[in-house]
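*Asks:* Sharing a structure with you now.
Derivation of every value follows stated rules applied to the coordinates shown; laboratory data play no part. Predicted model, so just to flag it, every value in this text is computed and none were measured. For neighbour counting, all protein chains shown are included, and Cβ atoms are generated from backbone atoms with ideal geometry for every residue, glycine included.
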DNA sequence: CGTTCGATTGAGGAAGATCAATTAATGTGG
DNA sequence: CCACATTAATTGATCTTCCTCAATCGAACG
């Protein structure tokens, strides 16, 4: 099993956010709107270059000089960290409304590859122009900082997941996140087209492709997911909450079920 | 062993940055200066509230409304992510020049605890004031964005380490990072006072406290580190490069040593 | 000086990596 | 459109790593 994060037993605290189903839907609509508003703002204030991309297209490479940030309008993208010694790691997946390229600001060159995983559209935003425009339109700064902040939180959640969840739970959590991401963007969350190989998913989650495959098979066997038609790329998720339950179940080392 | 990040064998590329020892020292001095300049800028432009803290002091809690950012002047701090279901995860360690609180910007409240691990000083910076002051002094915006960017990169490196390194290598890499962090801040890098329990280190690295202990014992046995005096809290690092070598060695699954 | 907490070390077991074989999907040229 | 070649996914068997449990040791503190 995993290390169960027992820093201090006394440190535990009641749950932070107690989500009410109704509110969830409400806030989700708000998020959809928020993304649309942000994109409208960027379009109006900066008239960014719009670029159509296809699976495999490179937005930028590690080592490229930093000049632009990019915002996803449609499609989805992976960020791949490259370490000098040959290790490579998918460190993020980005959807509509997400920004690409923040890592480049500090060092003046990009630290990872950004690659399209599907047909889509990215907007190119010159960093200098953005800062200049923000002087007159402070809302630009707000959306920029929110996006950076959100990305930081997301990265930390990933780290927490990798450190505290079993392989099965990670896969379940991954699917849950993906479904949530789609819902927050106004897309259907009951069905997702992964368009990633098992190897890529495994790399992202820090497990092998075989473990991903086994986890998916187990989830299907337990009716938490099912595969759409022939081919096991598209996943049907009848009930997102069931995925969260599965994660919880994998978390508790049997027993403690009653009591 | 771990999953060895073989997304595509053909994808491998020659090492990105080829560090020359001389330049390393030069750029390190530059980093020291950079941090000092940033702190001077913040002091001059914002006259931040300076707060002395001791081990255990809380800078902010998860759930607290977001209003301020904090900059570490001295000491060091941990960031602890709290998940509703009881999992908790050390997601970052912050030293002089690092900022705390970025995660709060997006949602309007902090998403983790920030806790002092030693005596030190943090500067409180009201986010609103910072943005206002940045209108007249653009350098403030630059340092803010660089700090956020750097933090994002760091988070991704952590994720990569957790996903690709063995338990022993993670501990070695952790020590190496710490030593580097001290060097970049003008402190001695041949000796580090952890002031973290094995449990905390393990939590941060996604392994158990026993694995941390065993890894440290192994590193000591192989002369890569040694313990200072009685007590195994302070670690002596005769040669930082040896730590990097140890990480590399753990990376390659035997064989391939020659050829 | 005993108590307590943290660290170390050992033994056993479980999760997951590795190796290998099979099957399914995809692509290619005839 | 089909036979073949190629690549991705699944599943099983084995082995390694690391987690779990437990005992011991050391340091710190009242």
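*Asks:* Counting only other chains, what is the mean number of Cβ atoms within 10 angstrom of the Cβ of each residue in peptide B:85-97?
*Replies:* That works out to 5 on average.
*Asks:* Here's a follow-up. Mind checking the angle between helix B:240-251 and chain B's longest principal axis? C-alpha axes, 0 to 90 degrees, to the nearest 10.
*Replies:* Relative to chain B, helix B:240-251 is tipped by roughly 60 degrees.
*Asks:* Binned at 10 Å from 0, what are the whole-percent values of the Cα-Cα distance distribution for the protein assembly as shown, short to long?
*Replies:* 3, 17, 30, 29, 16, 4, 0
*Asks:* So, one more: Could you give the angle, 0 to 90 degrees to the nearest 10, between helix B:167-183's Cα long axis and the longest principal axis of the Cα atoms of chain B?
*Replies:* It works out to around 50 degrees.
*Asks:* Please list B:170-178, A:124-132 highest first by mean number of surrounding beta-carbon atoms within 10 Å per residue.
*Replies:* Going from most to least packed, we get B:170-178, A:124-132.
*Asks:* Suppose only helical runs count, i.e. DSSP H with n ≥ 4. What mean residue ellipticity at 222 nm does that imply for chain A under -39500 (n - 2.57) per run, divided by all residues and rounded to the nearest 500 deg cm²/dmol?
*Replies:* One gets -15000 deg cm²/dmol as the mean residue ellipticity at 222 nm.
*Asks:* On a 0 to 90° scale, report how tilted helix B:209-221 is relative to the longest principal axis of chain B, with both axes built from alpha carbons and the result rounded to the nearest 10.
*Replies:* Result, in degrees: 60.
*Asks:* Let me ask something else about it. Defining a contact as two alpha carbons under 8 Å apart and six or more residues distant in sequence, what relative contact order in percent does chain B show?
*Replies:* 19
*Asks:* Still on this structure, I have one more. Divide the volume of the convex hull of the Cα atoms of the stretch B:4-162 by its number of residues and quote the answer in cubic angstrom per residue.
*Replies:* So the per-residue hull volume is 163 Å³.
*Asks:* Turning to a different aspect of this structure: Taking every residue in A:126-132, how many Cβ atoms of other protein chains lie within 10 Å of its Cβ, on average?
*Replies:* Taking the mean over all residues of the peptide, I get 1.
*Asks:* Which of B:141, B:93, B:69 moves the most in a Gaussian network model of chain B with Cα springs under 10 Å?
*Replies:* Its mean-square fluctuation being the largest, the pick is B:141.
*Asks:* State, to one decimal in nm, how far the label point of residue A:227 lies from the label point of residue B:142, with both points 7 Å from Cα in the Cβ direction.
*Replies:* That separation, rounded to one decimal, is 5.5 nm.
*Asks:* Return the distance in nm (one decimal) between the two label points of a simple spin-label model at residue A:245 and residue B:191, each offset 7 Å from Cα along Cα→Cβ.
*Replies:* In this crude spin-label approximation the distance works out to 5.8 nm.
*Asks:* Ordered shortest first, which distances in nm separate the 7 Å Cα→C-beta label point of residue B:61 from those of the other copies?
*Replies:* Relative to the other copies, residue B:61 has label-point distances of 5.1 nm.
*Asks:* Let me ask another. Take the alpha-carbon positions of the stretch B:132-259, form their convex hull, and give its projected area averaged over all directions (one quarter of the hull surface) in nm².
*Replies:* With every direction weighted equally, the projected area is 10.6 nm².
*Asks:* Please label the shape of the stretch A:132-171 as rounded, prolate or oblate, based on the square roots a ≥ b ≥ c of the eigenvalues of the alpha-carbon gyration tensor (a/c under 1.5 means rounded; beyond that, a/b larger than b/c means prolate, else oblate).
*Replies:* Judged from the Cα gyration tensor, the stretch A:132-171 comes out prolate (a/c at least 1.5, a/b above b/c).
*Asks:* Could you work out the mean count of beta carbons from other protein chains within 10 Å of each residue's beta carbon in A:103-114?
*Replies:* Average neighbour count from other chains, rounded to a whole number: 4.
*Asks:* If neighbour count is taken as other Cβ atoms inside 10 Å, put A:109, A:163 in order from fewest to most.
*Replies:* Ascending number of Cβ neighbours within 10 Å: A:109, A:163.
*Asks:* How far apart are the residue B:30 label points across copies, placing each 7 Å from Cα toward Cβ, in nm, shortest first?
*Replies:* For residue B:30, the other copies' label points sit at 4.4 nm, shortest first.
*Asks:* Considering chain B as a Gaussian network with a 10 Å cut-off on Cα pairs, which listed residue, B:155, B:200, B:180, attains the greatest mean-square fluctuation?
*Replies:* B:155
*Asks:* Between residue A:136 and the same site in the other copies, what are the distances in nm, shortest first, taking label points 7 Å from Cα along the C-beta direction?
*Replies:* Those separations, rounded to one decimal, come out as 2.3 nm.
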